[in-house]
Amino acid sequence: MNPDSSAPTLAHAAEIRGRIVFADVACAFWKEEPSLRDAIFLFDPESVREVYVVPNFISEGYFTQTVIPRELELNGSTTERSNGQIWKYCEPVGNHPSMTDLLLARAHEVAPDVDPGETSLLIVAHGTDLNENSAVAAKREAEKIRALRKYAAVLNVYMEEPPLVSDWQKLTTTQNVVVVPFFISDGLHSYEDIPVLLGIERKSSTRRRSPGRPTARQAITPRTPRGEVFRRNPYKIDGRSLFYAPSIGTDAGFADIIIEQAAEFDVEGSRHGGTS
């Protein structure tokens with residue numbers, strides 16, 4: 001549905017490949033080629049004896065615990081293939097402790113001149129009933145940032161479960177509000193769905209209705225090209241300033257995190273989240 005969805009993953013892989021840390025680096029996708037199911041054939045077992053699988057996902061959930069292990073035929077943290085190749089299933093990138101610093105840096109980048117003491121920071125995740133863990137990462141990061149007492153308020157909000165991002169005006173009271181999508185890529189959620197829920201974009205007639213709707217008092221701008229929505233900050237709504245950031249997964253620092261998740265596997269010797 002959106003070719004930009006895979007762009008950050010491909011960019012991070014290219015960066016890692018250029019560092020010559022590993023013998024080879026490849027990507028596999030659920031809804032693009034090469035597919036997850038074909039990934040087991042990507043590496044020559046004669047020259048590549050070990051494969052680190054790092055899920056480029058924000059949190060543990062249905063895909064990391066069910067889909068990826070099933071499609072890659074993984075039977076635990078470590079899987080030995082019939083050809084002798086060892087596959088090591090690492091933690092998703094969103095579990096890395098650097099997420100907190102990246103979120104703070106992204107919030108500062110999008111609103112460098114605001115006083116954090118007069119600002120609410122909203123970390124937006126999807127939320128789903130497929131797996132309750134999908135909302136845990138955003139809640140964890142909000143709690144960690146809240147403990148720093150840097151912002152007047154720090155909230156984890158969701159597209160499809162309470163507290164809803166569409167209720168941001170009810171949930172916050174500060175003059176400034178900074179919104180950072182806790183997503184891997186700038187796809188339809190960050191380009192269209194979340195802006196519609198925030199009230200800074202119109203709903204596309206070609207998409208199914210997103211959960212929630214902006215109130216009549218919210219200022220709605222004409223539809224803009226992809227990426228432009230991040231460059232129109234701040235949005236003035238009812239006398240308040242709303243700053244909207246690109247998804248956290250587009251940060252170049254994710255290349256370092258991917259490498260560190262692979263290295264951490266060898267230190268820990270297993271995967272904390274499990275694969276059942």
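The values are calculated or read from the model by the stated rules, or taken from the named source; none is laboratory data. Not measured: the values here are computed from a predicted model. In this analysis, Cβ positions are derived from the backbone assuming ideal geometry, glycine residues included, and neighbour counts consider all displayed protein chains. Accessible surface is based on the protein model in full, side chains and every heavy atom, while ligands, DNA and RNA are left aside. Shrake-Rupley method; radii C 1.70, N 1.55, O 1.52, S 1.80 Å.
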| Helix 254-268 versus the longest principal axis of the chain: what angle, 0 to 90°, nearest 10, using Cα atoms? | 50 degrees
| Taking the Cα-to-Cβ direction at ARG49 and at GLU15 and moving 7 Å from each Cα, how far apart do the two end points lie in nm? | 3.0 nm
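Pop the C-beta distance of ARG232 and ASN75 into the FRET formula with R0 = 35 Å and round what comes out to the nearest 0.05.
The value I calculate is 0.10.
Listed here are the pairs LYS170/LYS203; LYS144/LYS203; LYS150/LYS236; LYS150/LYS170; LYS150/LYS203; LYS31/LYS170; which of them are more than 31 Å apart at the Cα? Kindly include the intermediate steps, with their values, before the conclusion.
Details: LYS170/LYS203 21 Å; LYS144/LYS203 33 Å; LYS150/LYS236 23 Å; LYS150/LYS170 21 Å; LYS150/LYS203 34 Å; LYS31/LYS170 37 Å.
Violating the 31 Å limit, Cα to Cα: LYS144/LYS203; LYS150/LYS203; LYS31/LYS170.
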| said: Helix 136-147 against the longest principal axis of the chain: what's the angle in degrees, Cα atoms only, rounded to the nearest 10? | reply: 60 degrees
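At 1.4 Å probe size, with the rest of the protein present, what percent of the exposed accessible area of the chain is carbon and sulfur atoms?
51 percent
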| task | Report the FRET efficiency, 1/(1 + (r/R0)^6), for LEU148 and ASN83, where r is their Cβ-Cβ distance and R0 is 41 Å, rounded to 0.05. | result | 0.25
| Summed residue charge, Cβ within 15 Å of GLU32's Cβ, Lys/Arg positive, Asp/Glu negative | -2
| request: Please give the helix 7-19 orientation as an angle from the longest Cα principal axis of the chain, in degrees from 0 to 90, rounded to the nearest 10. | output: 50 degrees
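Restricting to the chain, what percent of DSSP beta bridges are antiparallel, rounded to 5? Don't jump to the answer; show the numbers that get you there.
Values: 6 of 28 bridges.
Among the beta bridges of the chain, antiparallel pairing accounts for roughly 20 percent.
Packing-wise, with mean Cβ within 10 Å as the measure, how do 27-38, 141-152 rank, highest first? Kindly include the intermediate steps, with their values, before the conclusion.
Numbers: 27-38: 13.6, 141-152: 16.4.
Per-residue Cβ counts within 10 Å, averaged per peptide and sorted highest first, yield 141-152, 27-38.
With n ≥ 4 as the cut-off for DSSP H runs, can you work out [θ] at 222 nm for the chain, using -39500 (n - 2.57) per run divided by the number of residues, rounded to the nearest 500?
On the way: 7 runs with 65 residues, N = 276.
Computed mean residue ellipticity for the chain: -6500 deg cm²/dmol.
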| Given R₀ = 22 Å, FRET efficiency for ASP38-LYS139 by Cβ-Cβ distance, to 0.05? | 0.05
| task | Figure the gain on full extension for ASP24 and ASP115 (residue separation times 0.36 nm, minus the Cα-Cα span) and round it to one decimal in nm. | result | 28.3 nm
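Any idea of the accessible area per residue across the chain, 1.4 Å probe, to the nearest Å²? Intermediate results must be reported in sequence, preceding the final value.
On the way: 13320 Å² over 276 residues.
About 48 Å² of surface per residue is accessible.
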